[in-house]
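Here the structure comes first, spelled out in structure tokens, and everything after it is commentary.
The values are calculated or read from the model by the stated rules, or taken from the named source; none is laboratory data. Because the structure is a prediction, the values reported are computed rather than measured. So basically every Cβ, Gly included, is an ideal-geometry build from the backbone, and we count neighbours across all protein chains shown.
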Amino acid sequence: MIQTSIKAFKDQLSAPLTKQQITTLQINLGKRCNLACKHCHVEAGPKRTEELSPEICQQLIEVINKFPQIQTVDLTGGAPEMNYGFKPLVEAARRANKQVIVRSNLTIYFVPGFEDLPEYCAKHQTKIVASLPCYLEDNVDKMRGKGVYNDSIAAIQILNRLGYGKDANLVLDLVYNPPIPNSEKFALTPDQKKLEQDYKSYLQKHFGIVFNNLYTITNLPIGRTKFQLEHKKLHKPYLQFLESNFNAGTVEHLMCRNELSIDYLGNVYDCDFNQMENLPARTCSGEKLTVAKLLEAGTLDLIEEIKTAPYCYGCTAGSGSSCGGALV
Ligand code: SF4
Ligand code: SF4
């Protein structure tokens, strides 16, 4: 039943949401992107200019080298490949034996100056996590812009030729985002395994494409998604829908528990969503953190309680949602 008011997310939990040991560094390199998708929570696009500086990039390389507990360096944006620091960070993280994830929109491979990216990623064995919000052309082009579907398919074919999706060291995962709701008939993301099978059989049959895993990601009501929901007077009803589907079993798996999210200025957040909503992580003494402060303190584990907000219900509804897909 739809409720009339939304309970604070922290009151929904049986205990405060605390950090575990940090094992993932997710770096948002900046807001430059060759696309400007309707659902983009980063509000990225070709006209944005904000990106990492050489100074912050160098500090991040120091963090990568200094803390063996970091297992994964997850590069996002914007189109991370377009923003300053992409290649230096990939190379530093691979030299330090970390898994590197590149969150790619795939169409960047066809932008002049970026055509070497598939070979570059294969050479450095980066995992590629690519958005393909549907396996049908119409739905993708409506969300991301005309021609994006065909470019994405062509890009995956290039990656497959290089061994992505086939070689154990060249992992290619795809991401499904549901369309932004148009009415109060909200739905949870479909079953991840079942949808993965549908994607795999359709893409194999029509394009000979293979990939490893599909992640289903819930649209959190922030950024452009929030703007569109507000425009349709659906923001509060959507939050209520997410709240009414709260699943306590997702909480221990939330991605914010063991990651730090870093912005292009070197500020630290509990996750990329908090970064976009300007909700910085804080130490138990209330201090905001930066990459420079982490280096100075000599530890990554300075945050006790994770900052939460109503949109956290998007991560905990149904099977849960994270940058790695469903949680349970
Ligand atoms: S969703 Fe991804 S590809 Fe689309 S504008 Fe945002 S950052 Fe760029
Ligand atoms: S938005 Fe999701 S990942 Fe971020 S703090 Fe809330 S629950 Fe954690």
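Of all the residues in the range 119-129, those that are in contact with a helix residue (DSSP H, G or I) (Cβ under 7 Å, 6 or more places away or on another chain) and crowded, with 21+ Cβ neighbours inside 10 Å number 2. A single entry from ASP11, ASP74, ASP116 fulfils the requirement of being more than 30 Å from SER244 (Cα to Cα) and within 16 Å of ligand 2 (Cβ to nearest atom): ASP74.
Residues in the range 262-275 that are away from ligand 1 (no atom under 16 Å from the Cβ) and charged (D, E, K, R): ASP270 only. If you go through the range 195-232 and keep only what is of a type outside the set (Lys, Arg) and closer than 18 Å to ASP167 by Cα, you end up with GLN204, GLY208, ILE209, VAL210, PHE211, ASN212, ASN213, LEU214. If the condition is being closer than 14 Å to LEU29 by Cα and either away from ligand 2 (no atom under 13 Å from the Cβ) or not acidic (Asp, Glu) (or both), then the range 272-297 contributes GLN275, MET276, VAL291. Look through the range 13-30, keep the residues that are β-branched (Val, Ile, Thr) and in a strand (DSSP E or B), and return whichever of them is farthest from ligand 1 (Cβ to nearest atom). In this case the residue turns out to be THR18. The residues of the range 2-36 that are closer than 19 Å to CYS57 by Cα and either charged (D, E, K, R) or modelled with pLDDT under 95 (or both), listed by number, are LYS31, ARG32. Considering the range 298-328, the residues that are out of contact with any Leu (no Cβ under 9 Å at 6 or more places or on another chain) and hydrophobic (A, V, I, L, M, F, W, C) include one that is nearest to ligand 1 (Cβ to nearest atom), namely CYS323.
Quick one: which of THR290, THR308 is touching a helix residue (DSSP H, G or I) at 6+ places or on another chain (Cβ under 8 Å) and at pLDDT 95 or above?
THR308
Scanning the range 302-317 for residues that are out of contact with any Phe, Trp or Tyr (no Cβ under 9 Å at 6 or more places or on another chain) and surrounded by 15 or more Cβ atoms within 10 Å (Cβ to Cβ), we see that the one that is farthest from PRO221 (Cα to Cα) is LEU302.
Checking THR225, THR250, THR308, THR316 one by one, the residue that is in contact with a His (Cβ under 9 Å, 6 or more places away or on another chain), within 14 Å of ligand 2 (Cβ to nearest atom), in contact (Cβ under 8 Å) with a residue 24 or more places away in the chain and not aliphatic (A, V, I, L, M) is THR225 and no other.
Restrict the check to the range 275-293 and report whether at least one residue is among the β-branched types (Val, Ile, Thr), part of a loop (DSSP other than H, G, I, E, B) and touching a residue at least 40 places away in the same chain (Cβ under 8 Å).
No; the residues of the range 275-293 include none that is among the β-branched types (Val, Ile, Thr), part of a loop (DSSP other than H, G, I, E, B) and touching a residue at least 40 places away in the same chain (Cβ under 8 Å).
Tell me whether the range 244-261 contains one or more residues that are among the small types (Gly, Ala, Ser), farther than 27 Å from ASN65 by Cα, within 16 Å of ligand 1 (Cβ to nearest atom) and touching a helix residue (DSSP H, G or I) at 6+ places or on another chain (Cβ under 9 Å). No: the range 244-261 contains no residue that is among the small types (Gly, Ala, Ser), farther than 27 Å from ASN65 by Cα, within 16 Å of ligand 1 (Cβ to nearest atom) and touching a helix residue (DSSP H, G or I) at 6+ places or on another chain (Cβ under 9 Å). Scanning the range 185-222 for residues that are within 16 Å of GLY325 (Cα to Cα), away from ligand 2 (no atom under 16 Å from the Cβ) and either in contact with a helix residue (DSSP H, G or I) (Cβ under 8 Å, 6 or more places away or on another chain) or of a type in the set (Phe, Trp, Tyr) (or both) returns TYR199, PHE211, ASN213, LEU214. Within the range 136-159, take every residue that is away from ligand 1 (no atom under 15 Å from the Cβ) and of a type in the set (S, T, N, Q) and give me the one that is farthest from SER201 (Cα to Cα). This residue is ASN150.
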